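The values are calculated or read from the model by the stated rules, or taken from the named source; none is laboratory data. All figures in this text were calculated on a predicted structure; none of them were measured in a lab. Neighbour counts are summed over all protein chains in view; Cβ atoms, including those assigned to glycine, are modelled from backbone coordinates with ideal geometry. Please note that ligands, DNA and RNA were not included when accessible areas were found on the heavy atoms of the full protein model with its side chains. Shrake-Rupley method; radii C 1.70, N 1.55, O 1.52, S 1.80 Å.
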Amino acid sequence: MKKIAVFNQKGGVAKTTSVVNIAAAMTTLNKKVLCIDCDSQMSLTQYLFPEYEEGISVIDMIEGASVRDGILNYTHKNKETGISLIPASKDLVSYEIKGNKKFQKLFKDLEDDYDFCFLDLPPHLSGISLAALISSDYVLVPAIPDSDSLLGFSDLVTVVNNIRNKGLNTNLSILGVMFVNMNLQRMTQKYVYENTKKELGKLVLKSGIKTRSIVEQARFFSEPLEFFSASSEAAKEYKEVAKEIIKRAKEG
């Protein structure tokens, strides 16, 4: 199972939307995907399960509760989709994880059950974020091509390097920067996009997501685009992103 932490210290960059739609796209490519909501705002949990009331959460599982008892399987029209979720808890806002081995044990128990795992992290370097990064293989960085979305990118690189250099996770690497909500008709976005590609090179995914209203519509109805409108351009874009992530993870 490839473990990908989805992280940007800037909020409002469609982290949760990206996790949901990449996961759904991967299921059409015969991949089983586990999503873990590590954010106290519970956006990922509420996207896939809008009527969810707090039960066994990622905190309980880290602390030793039965992992499989707490996993929620997302269905669409009563059919299994191949997407599973470990839900968040509002208590994550004050949760202090002690040590990283607990998180790693959670993954070990599920290693053979899924092809990919996406961890939706809060937009700040909390204890749970650090533990997730230490336990992951890659970091995926969603970003909007504006002047703010990548301000903390150098800090993220520093965090990843520190984790590697301290021997906490020598295999952790940045999978790539994925641009979302792109409108390259805007001069500022086009400028940021082109300059970021020039500066970061292959770290920028070739695939990206343009600004499209159907993404918000799918979110409103709590459906991944792949099930809401598989023929839409946005769904096709997410599928291309999913293919590129699979390829990068395989080559990495």
**Prompt:** Based on the alpha-carbon gyration tensor of the range 52-173 and its eigenvalue square roots a ≥ b ≥ c, which shape applies: rounded if a/c is under 1.5, prolate if not and a/b is larger than b/c, or oblate?
**Reply:** prolate
**Message:** With n ≥ 4 as the cut-off for DSSP H runs, can you work out [θ] at 222 nm for the chain, using -39500 (n - 2.57) per run divided by the number of residues, rounded to the nearest 500?
**Reply:** -12000 deg cm²/dmol
**Prompt:** At a 1.4 Å probe, what is the % contribution of carbon and sulfur to the accessible area of the chain?
**Reply:** 47
**Asked** Once the whole set of protein chains is in place, how much accessible area is left on residue 54, using a 1.4 Å probe, in Å² to the nearest 10?
**Response** 100
**Item:** Local electrostatic count at residue 246 - Lys and Arg +1, Asp and Glu -1, tallied over other residues with Cβ under 9 Å
**Value:** +4
**Message:** If you take every residue apart from residue 41 with its C-beta less than 11 Å away from the C-beta of residue 41, what net charge results, scoring Lys and Arg +1 and Asp and Glu -1?
**Reply:** -1
**Fill in**
Probe 1.4 Å, all chains present, heavy atoms only: residue 204 accessible area in Å², nearest 10, is 10
**Complete:** Within the under-12-Å Cβ sphere about residue 10, not counting residue 10, Lys/Arg +1 and Asp/Glu -1 give a net charge of -2
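Please report the antiparallel percentage of DSSP beta bridges with both residues in the range 1-137, rounded to the nearest 5. The partial results should precede the final answer.
Values: 5 of 19 bridges.
Close to 25 percent.
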**Complete:** tail above 22 Å in the computed P(r) of the range 136-252, as % of all Cα-Cα pairs, reads 43
**Distance from the range 1-54 to the range 233-252 (C-alpha centre basis), Å** = 15
**Request:** Take the Cβ-Cβ distance between residue 233 and residue 105 as r, set R0 to 51 Å, and report the resulting FRET efficiency rounded to the nearest 0.05.
**Result:** 0.80
**Request:** Post the alpha-carbon centroid distance, the range 165-203 to the range 80-110, in whole angstrom.
**Result:** 27
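Using the Cα atoms as the points, what is the convex hull volume per residue of the range 15-54 in Å³? Don't jump to the answer; show the numbers that get you there.
Details: hull volume 2.9 nm³, N = 40.
It is 71 Å³ per residue.
Using a 10 angstrom Cβ neighbour count of at most 14 plus a DSSP loop assignment to flag exposed trypsin sites (Lys or Arg not before Pro), which longest range of the chain is free of such sites?
1-76
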